[in-house]
Structures are given as structure tokens and as C-alpha cells.
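> Starting off with a structure, shown below.
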Amino acid sequence: MNRNGNTYTFIYAAIMVILVAAVLASVSMALKPRQQKNVEIEKKQNILASVNIESSAENAEELYAEKIVNEYVVNVNGEQVEGDAFTTDLKKERAKDPEDMVLPVFECQTEDGLKYVLPVRGAGLWGPIWGYVSLNEDMNTIYGANFDHEGETPGLGAEISSTPFEEPFKGKTIFDESGNLVSILILKSGQVAPEEHSVDGISGGTITSKGLEKMLQDDFNSYKEFLIKKKS
Amino acid sequence: MSEPLFSKKNIKLLSDPINDSNPITVQVLGICSALAVTAQLKPSIVMAISVTAVLALANVIVSLLRNTIPNRIRIIVQLVVIAALVILVDQILKAYVYDVSKQLSVFVGLIITNCIIMGRLEAFALGNRPWQSFLDGIGNAAGYGVILIIVGFFRELLGSGSLLGYKIIPESWYIANGGFYENNGLMVLSPMALIVVGVIIWVQRSKNRKLIEN
């Protein structure tokens, strides 16, 4: 057959594309359950990490079942509503009107008492960033924080998921003395802000840092009524 | 016809790209990813390994197909082979070594756009037998990887004072702790990668005279 002819080229391209598609589709289907399991375990690990509990992929499910004593969803008015906290997709909730939005809350029993874990989600430089922030029972002091990202620049924005960045969040407060929600500010060097409401940003990762700051602001704002209700 | 697997000519396929025809410093290919991933040593190493796997496999596959590929759509065929391999690698990493796949994140996708891979498929694998293509792939990926690791080493050491995440510069040296030293913040930004690559090219050419053009 003429290897430079149109027929050959068309047949070759068609067979190649069908073959490759079949291989990729079957591999993807075969591996899907494993991948989903990994994602689920990672979520549990992240929730546990926000209350400073180290877990490995092996013991995460067990620890999660033991430590997380209660999980429920609330609406923006801070009322508990029907829904499953673990499977609630914050991305979809964000797209809804504030009245319809449901927000997951996880209650975790630790050695230092009951902690409330709030998921947060926002935008970094290249893609979504998200995380879990745990609060003490005063609903003001941060007990721990864990952040993650989809594709921030390694070594720069991606540093938000590293311990040196997350560690300083501990002990910071999100309400000021007069009870206003100030959230946590992420600073560039040279900027000044009250010590108890701010942490240092990442050099070379300013847009990610600012995205994280906005994420915390927005999401604490949605939880505001819930926090105030629980506080009193 | 039957020459030994590691004949002199074949060894040259492996060793040439590391120095005389290094893809980054001599052919100036794959620069974009060399700038993007080298802020730290670890991603540089991981990227080097992934490119080696993809380049060697893609070279072998294209070399096996070389007598059937229609000339007019050969670039598309090469791209499909590369993209399919990269997606396969990505899926397998996600299922079996989830934490490694998390570290790689966007790099896996970036491998597809690496011009070294297209370059070697087009220039070598299309005209040579599978074993030679395999060696050529390993050699070129190694030449690329070596530069990546050198750049990553200096950028992380001078930019963050650490290597693979471990602190190398003692805390007490820092000005903040009363010392005399400060990390060079410019090192973590991409322009410095270009300058480090430039320095490597300079050093390499002063050692290897035949690379100097008039």
C-alpha cells in the first residue's frame, strides 16, 4: 500500500487514535477505584492534620473514625441543616446563592479538648487552593491549619502546604477584641499588622499568599454566624 | 548486522548528550522546564527521572513504528505517543504512589511539552533501531537531568539555605539571629535559573574547547 497516500494516512490515524483511546480509557477505568480511595484517605489525613494529628495512609481511616466524633453541615445563618459533611463539595457550594449554601463542620476530640474543623477553599495563582482550619472551643483561637493546592509553583506558591508556613497559624485569633471578624492576614516583608491576626507570606509566592488570605477571609465570613452562635 | 549491545558507537549515544551535545547547554532545548522546576532540588530530581522514563519509552515505541508511520502526520503520531505515555504514567502514579504523584503535580503534564522529547523522536528514533533509540533516550534524558540537578542544587542551597528540605546553613549564621548571612531571595525566582544555566554553559565551554563557535 502506498504509505504516502491519503487512504493509508487516514486509516493509520484512525486506528492509532482508537487504540490509544481504548488503552487509556481501560487503564483509567481499572485504576479509578484505587485513585478515589487515595483521594478519600488524603482528605481524612488533611482533616486530621489540621488538628495536629499525624497519620499515615494506612492508619488514617482508623484514626479518623476514632477522633472525629461528629460531622454536620450548617447554613450561613449558623443553623444545622440536613446533609453529609464529608461528601459536601465546597466548590459546588460556593457557586450557589448564600442562602442555599451548606458548610461542613467536623468536631474532633483531641487531648486538648473538642476542636472544630472548618474546610476552606479559594483560588491561588494557577488553580484552586484549599485547606482545613481547626478552632478551639472559644471559636476564635486557631488550633491548627493544613493547606493544599492543585498546581501552585513548586518552591514558591506550593510552599503553602509546608509545615513552616502552616505552623505560625497556631494560636492566632480571627476575631479582634471588639468582636469583629478580621481573619488572618498574610504579610509581605515590611508590612505591619497586629501580631495575633497575621502570619508571614512566602517570598516569590505573593499571589498564592494573597489568594490564601482572601480564601480565609471569605470562608470565615460564611461561617461567621455559626462561630458567633457557638461562641456564646 | 549483529553488533554488541554496548559497542563503542552505542556507548557514544549514551555519553555524548551528557557533555558534547547536551540538550540544555549545547542544543538549548527544554529550557522552559529547566527554569520552572529547579527552585528546589527534589522536584528537579523527580522531573529528571520522569523525563528519562518517558523519553526512553517514547523513543523505543516510535522506533518500532518508524517504518509504518505516514510521513505527513509523523509529528502528530509522535505527539500521541508521548501524550499517551505521560497520561499512563500519571494514572499509574495516582493509583499506586499517590504521594509521589502529588509532588509531581503539574510536571507530569509539562513533560509532554518538553522539546527534548519531540526533538529526539524526530531526529533520532525515526531513523534508528529500537535499542539505539533507547540508549539515545536515556543519554539525552541524563544530560537534561544532570543540568536540572546542578541548577536545583545551587538554587535551593543559596536561595533557601537547604537541600532536599534539610537545613544546611546553620540558623545562627542568619542576620535575623545575629549572624552575617542571608538567603539570596533572587535565587528562588526563575531569572536566576537562566543565569545559573548560563554559568554552567560558560564553565562547560571553558573546559570543552570544541564547543566554542567562532
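> Identify, please: which residue in the range A:140-153 is open to solvent by less than 20 Å² (accessible area, probe 1.4 Å) and farther than 15 Å from A:S50 by Cα and is, among those, farthest from the other protein chains (Cβ to nearest Cβ)?
Restricting to residues being open to solvent by less than 20 Å² (accessible area, probe 1.4 Å) and farther than 15 Å from A:S50 by Cα, the top hit is A:E152.
> Continuing with the same structure: Answer yes or no: is there a residue in the range A:140-162 that is among the polar types (S, T, N, Q) and more than 18 Å from the chain's Cα centre (by Cα).
Here is the first cut: in the range A:140-162, the residues among the polar types (S, T, N, Q) are A:140-141, A:146, A:153, A:161-162.
Subset that is more than 18 Å from the chain's Cα centre (by Cα): A:140-141.
So far as the range A:140-162 goes, yes, one or more of its residues are among the polar types (S, T, N, Q) and more than 18 Å from the chain's Cα centre (by Cα).
> Among what's in the range B:53-70 and is at pLDDT 90 or above and not aliphatic (A, V, I, L, M), pick the residue that is nearest to the chain's Cα centre (by Cα).
Only one residue tops the list, namely B:N59.
> Any residue at all in the range A:24-42 that's under 38 Å from the mean Cα position of the chain (by Cα), farther than 30 Å from A:N59 by Cα, β-branched (V, I, T) and in a helix (DSSP H, G or I)?
Checked against the condition, which is being under 38 Å from the mean Cα position of the chain (by Cα), farther than 30 Å from A:N59 by Cα, β-branched (V, I, T) and in a helix (DSSP H, G or I), the range A:24-42 yields no hits at all.
> In the range A:158-177, which residue that is in contact (Cβ under 8 Å) with a residue 12 or more places away in the chain and not in a helix (DSSP H, G or I) is most open to solvent (accessible area, probe 1.4 Å)?
Across the range A:158-177, the extreme among qualifying residues is A:K170.
> Given the criteria buried (at least 17 other Cβ atoms within 10 Å of the Cβ) and out of contact with any strand residue (DSSP E or B) (no Cβ under 7 Å at 6 or more places or on another chain), does A:A60 qualify? Please lay out each step first, then the result.
Working: buried (at least 17 other Cβ atoms within 10 Å of the Cβ): yes; out of contact with any strand residue (DSSP E or B) (no Cβ under 7 Å at 6 or more places or on another chain): yes.
So A:A60 fits the description; yes.
> Quick check on the range A:181-201. Is at least one of its residues within 14 Å of chain B (Cβ to nearest Cβ) and in contact (Cβ under 8 Å) with a residue 40 or more places away in the chain?
No - not one qualifying residue is present in the range A:181-201.
> Let me ask another. Does the range A:151-158 contain any residue that is among the hydrophobic types (A, V, I, L, M, F, W, C) and within 20 Å of A:R121 (Cβ to Cβ)? Break it down stepwise before answering.
In the first step, residues of the range A:151-158 are kept if they are among the hydrophobic types (A, V, I, L, M, F, W, C); the result is A:156, A:158.
Filter once more, keeping what is within 20 Å of A:R121 (Cβ to Cβ): A:158.
Scanning the range A:151-158 turns up at least one residue that is among the hydrophobic types (A, V, I, L, M, F, W, C) and within 20 Å of A:R121 (Cβ to Cβ).
> On to the next question. Considering each residue of the range B:138-162, count those that are at pLDDT 85 or above and either of a type outside the set (V, I, T) or open to solvent by less than 20 Å² (accessible area, probe 1.4 Å) (or both), and give that number.
At the first step, the residues of the range B:138-162 found to be at pLDDT 85 or above are B:138-158.
Applying the additional criterion that residues be either of a type outside the set (V, I, T) or open to solvent by less than 20 Å² (accessible area, probe 1.4 Å) (or both) yields B:139-145, B:147-148, B:151-158.
Count: 17.
> To continue, here is another question. For the range B:29-44, name all the residues that are assigned to a helix (DSSP H, G or I) and within 12 Å of chain A (Cβ to nearest Cβ). Full working, then the answer.
Within the range B:29-44, the subset assigned to a helix (DSSP H, G or I) is B:31-36, B:41-44.
Result: B:S33, B:L35, B:A36, B:L41, B:K42, B:P43, B:S44.
> If you check every pair at least six apart or on different chains, which have Cβ atoms under 6 Å apart with a residue in the range B:166-191 that is within 14 Å of chain A (Cβ to nearest Cβ) first and a residue that is open to solvent by 80 Å² or more (accessible area, probe 1.4 Å) and assigned to a helix (DSSP H, G or I) second?
Taking only residues 6 or more apart or on different chains, the pairs are B:E171/B:N177; B:E182/B:I175.
> Can you pull out the residues in the range B:19-76 that are in contact with a Gly (Cβ under 9 Å, 6 or more places away or on another chain) and among the charged types (D, E, K, R)?
Listed by number, the residues that qualify are B:K42, B:R66.
> Determine if the range A:25-33 includes at least one residue that is within 14 Å of another protein chain (Cβ to nearest Cβ), closer than 25 Å to A:S162 by Cα and open to solvent by less than 60 Å² (accessible area, probe 1.4 Å).
Of the residues in the range A:25-33, the ones within 14 Å of another protein chain (Cβ to nearest Cβ) are A:25-33.
Checking which are closer than 25 Å to A:S162 by Cα leaves us with none.
No, because not a single residue in the range A:25-33 is within 14 Å of another protein chain (Cβ to nearest Cβ), closer than 25 Å to A:S162 by Cα and open to solvent by less than 60 Å² (accessible area, probe 1.4 Å).
> Going through B:I116, B:I92 one at a time, which residue ends up being of a type outside the set (S, T, N, Q) and touching a Gly at 6+ places or on another chain (Cβ under 6 Å)? Write out each step before concluding.
Values: B:I92 fails: touching a Gly at 6+ places or on another chain (Cβ under 6 Å).
Matching residue, one of B:I116, B:I92: B:I116.
Residue-wise test of (1) without any contact (Cβ under 8 Å) to a residue 12 or more places away in the chain; (2) facing chain A (nearest Cβ under 7 Å); (3) among the charged types (D, E, K, R).
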{"residue": "B:L64", "(1), (2), (3)": "no, no, no"}
{"residue": "B:I75", "(1), (2), (3)": "no, no, no"}
{"residue": "B:L79", "(1), (2), (3)": "no, no, no"}
{"residue": "B:I87", "(1), (2), (3)": "yes, yes, no"}
{"residue": "B:Q91", "(1), (2), (3)": "yes, yes, no"}
{"residue": "B:K102", "(1), (2), (3)": "yes, no, yes"}
{"residue": "B:I111", "(1), (2), (3)": "no, no, no"}
{"residue": "B:M118", "(1), (2), (3)": "no, no, no"}
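Here is a yes/no grid of residues against (1) within 17 Å of A:V20 (Cα to Cα); (2) surrounded by fewer than 18 Cβ atoms within 10 Å (Cβ to Cβ):
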position	(1), (2)
B:L5	no, yes
B:S33	no, no
B:S44	no, no
B:V62	yes, no
B:I76	yes, yes
B:V81	yes, no
B:V97	no, yes
B:I116	no, no
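> Sticking with this structure for a sec: Any chance the range B:98-108 includes a residue that's modelled with pLDDT under 90, farther than 29 Å from A:K32 by Cβ and part of a helix (DSSP H, G or I)? Reasoning before the result, please.
Of the range B:98-108, the ones modelled with pLDDT under 90 are B:98-108.
The next check asks that each one be farther than 29 Å from A:K32 by Cβ; those that pass are none.
Scanning the range B:98-108 turns up no residue that is modelled with pLDDT under 90, farther than 29 Å from A:K32 by Cβ and part of a helix (DSSP H, G or I).
The values are calculated or read from the model by the stated rules, or taken from the named source; none is laboratory data. Computed from a prediction, not measured in an experiment: that's the story for all the values here. Because the Cβ atoms are built from the backbone with ideal geometry, glycine has one as well, and the counts that use them run over all protein chains shown. Heads up: the accessible areas ignore ligands, DNA and RNA and are worked out on the full protein's heavy atoms, side chains in. Shrake-Rupley method; radii C 1.70, N 1.55, O 1.52, S 1.80 Å.
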